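Take a look at the structure set out below.
The values are calculated or read from the model by the stated rules, or taken from the named source; none is laboratory data. Please read all numbers here as calculations on a predicted model, not as lab measurements. Positions of Cβ are generated from backbone atoms using ideal geometry, with glycine treated the same way; all protein chains shown enter the neighbour counts. Heads up: the accessible areas ignore ligands, DNA and RNA and are worked out on the full protein's heavy atoms, side chains in. Shrake-Rupley method; radii C 1.70, N 1.55, O 1.52, S 1.80 Å.
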Amino acid sequence: KRIALLPTAVIKKSSKRLKYFSQRESMTLTAFQRDVYTSVKQIPHGKVATYAHIGYMLGIPHAARAVGNALNKNIFLDVPCHRVVRSDGHVGGYAWGTHKKIAVLRKEGVHVNGEHIDLTLYGARKHS
């Protein structure tokens with residue numbers, strides 16, 4: 001099932017500033033994307049979850065890569081995709097770069113050592 005959204009806010013990176021503009025064409029979300037975004041919205045400020053844990057919570061235990069792909073396509077400002085990290089504690093990818101993801105996580109109070117997070121400090125669970 002697909003959900004059509006029109007219009008929606010998207011982000012455009014220009015001269016190191018973020019500009020918001022309305023998307024003129026409709027965007028469709030798959031049910032899986034909608035479920036991933038809804039789950040990620042539940043991660044509290046100052047906490048993290050793993051891509052694998054999001055998949056597990058959706059009833060698809062081996063969907064870590066699919067969760068990452070869905071988040072890679074995220075354009076919604078209210079979906080805190082920076083709070084989702086790899087199962088090995090590495091912060092993982094981010095649209096504006098790893099350094100920005102680390103900065104945002106630190107601003108929220110998450111302790112990042114280099115590019116790694118001790119998942120046990122934030123209640124993130126490993127799922128294999």
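Tell me, what is the 1.4 Å probe accessible area of T120, in Å² to the nearest 10?
Surface accessible to solvent at T120 totals approximately 110 Å².
For labels at K107 and I75 in the simple 7 Å Cα→Cβ model, what's the distance in nm?
2.3 nm
Report the gain in length on full extension from D118 to K100: 0.36 nm times residue separation, minus Cα-Cα distance, nm rounded to one decimal.
4.6 nm
What do you reckon, how do H116, H62 stack up by accessible area (1.4 Å probe), largest on top?
So the residues, ranked largest to smallest area, are H62, H116.
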